[in-house]
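Take a look at the structure below.
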Amino acid sequence: MKFFIDTANLDQIRDAQALGILDGVTTNPSLMAKEGISGDEAVKAHYVAICEIVDGDVSAEVIATDYEGMISEGRVLADLHANIVVKVPATLAGIRAIRWFTDNGIRTNCTLIFSAGQALLAAKAGATYVSPFVGRLDDISSDGLQLIEKIRVIFDNYDYGTEILAASVRHSMHIIECAEIGADIMTGPLSAIVGLLKHPLTDSGLAQFLADHAKAKG
Ligand code: E4P
């Protein structure tokens, strides 16, 4: 499974990259706003800065909601760097735009996926990635992981090349469960990624090893 980090924070992206396990980055307009990035030029410069840190795909989301607007914004974003993947919402205009981007060699991430039908249409339009939002479904007492399972079955049935990018991953168990189901990629916060390492027996075992080593040394 590939690991993406879901943030626009450059320090966290650097930290994840330094771990040597980072395959890409996803951002969204809320994450950009959280970093105080606003205005077209600042947003573009920030995407380039992210691309210069990570050797992998970086999702950059369009703001336009109409077809023409999505195409013109997406072309600008795709021109910023070879690693940019244009993130487009799962709407009628979005599906049309994904088809256009696919036909013109621009890679896409279909975002805000909350149903198997949305994922199926995005795959039909040639999306590079679909992003089902696990955590946001869990938030409304629905089952985000069940959606990942359904999409896995559908994509395998028809051999779609579209990859399942499990998004809105909130904690380490989501990552484990997405890996069990067979999501191609997960995107989540750094805390969920490093949380995978946490185990009290590792901590106590290491403390014991070091204490015994010190004792033996006298
Ligand atoms: C996906 O690409 C989104 O940026 C993200 O995963 C949303 O996560 P959230 O539901 O924690 O905001």
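The values are calculated or read from the model by the stated rules, or taken from the named source; none is laboratory data. Since the model is a prediction, treat every value here as computed from it, not as a measurement. Backbone-built Cβ (ideal geometry, glycine too); neighbour counts: all protein chains shown. Note: accessible area is taken over every heavy atom of the protein model, side chains too, but ligands, DNA and RNA are not part of it. Shrake-Rupley method; radii C 1.70, N 1.55, O 1.52, S 1.80 Å.
Residue check: is I13 within 16 Å of the ligand (Cβ to nearest atom) and in a loop (DSSP other than H, G, I, E, B)?
Taking the combined requirement at face value, the residue does not satisfy it.
Is there any pair with a first residue in the stretch 18-37 that is within 12 Å of the ligand (Cβ to nearest atom) and a second that is part of a helix (DSSP H, G or I) and of a type in the set (A, V, I, L, M) whose Cβ atoms are under 8 Å apart and which are 6 or more apart or on different chains, and what are they?
Qualifying pairs under 8 Å: V25/I13; V25/I50; T27/I50; M32/V43.
Could you figure out which of (1) surrounded by fewer than 16 Cβ atoms within 10 Å (Cβ to Cβ); (2) under 17 Å from the mean Cα position of the chain (by Cα) isn't true of T65?
Of the numbered conditions (1) surrounded by fewer than 16 Cβ atoms within 10 Å (Cβ to Cβ); (2) under 17 Å from the mean Cα position of the chain (by Cα), the odd one out for T65 is (2).
Of all residues in the stretch 130-141, which are open to solvent by 10 Å² or more (accessible area, probe 1.4 Å), within 13 Å of the ligand (Cβ to nearest atom) and of a type outside the set (D, E, K, R)?
Those that are open to solvent by 10 Å² or more (accessible area, probe 1.4 Å), within 13 Å of the ligand (Cβ to nearest atom) and of a type outside the set (D, E, K, R): F133, L137, I140.
Can you pull out the helices (runs of 4 or more DSSP H) entirely within the stretch 145-218 that have at least 2 residues that are in contact (Cβ under 8 Å) with a residue 24 or more places away in the chain?
Qualifying helices (runs of 4 or more DSSP H): 172-181, 190-195.
Kindly list the number of the only condition in (1) within 25 Å of D11 (Cα to Cα); (2) among the basic types (K, R); (3) out of contact with any strand residue (DSSP E or B) (no Cβ under 8 Å at 6 or more places or on another chain) that fails for R75.
All conditions are met except number (1).
Exactly one condition in (1) touching a strand residue (DSSP E or B) at 6+ places or on another chain (Cβ under 9 Å); (2) more than 15 Å from the ligand (Cβ to nearest atom); (3) farther than 22 Å from V85 by Cβ is not met by A125; state its number.
Exception for A125: condition (3).
Is it the case, given these coordinates, that P189 is in contact with a helix residue (DSSP H, G or I) (Cβ under 6 Å, 6 or more places away or on another chain) and not hydrophobic (A, V, I, L, M, F, W, C)?
Here the answer is no, as P189 does not meet what is asked.
Which residues, taken from the stretch 82-126, are of a type in the set (S, T, Y) and in a strand (DSSP E or B)?
T108, T111
Mind checking which residues of the stretch 142-171 are under 11 Å from F114 (Cβ atoms) and either open to solvent by 10 Å² or more (accessible area, probe 1.4 Å) or within 9 Å of the ligand (Cβ to nearest atom) (or both)?
The answer is S142, L147, A167, S168.
Looking at I106, I175, I185, which one is open to solvent by less than 80 Å² (accessible area, probe 1.4 Å), of a type in the set (V, I, T) and more than 17 Å from the chain's Cα centre (by Cα)?
Sole residue among the options that is open to solvent by less than 80 Å² (accessible area, probe 1.4 Å), of a type in the set (V, I, T) and more than 17 Å from the chain's Cα centre (by Cα): I106.
Per-residue answers, yes or no, for (1) in a helix (DSSP H, G or I); (2) away from the ligand (no atom under 16 Å from the Cβ):
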site	(1), (2)
V43	yes, no
Y47	yes, no
A60	no, no
I71	yes, yes
R75	yes, yes
D79	yes, yes
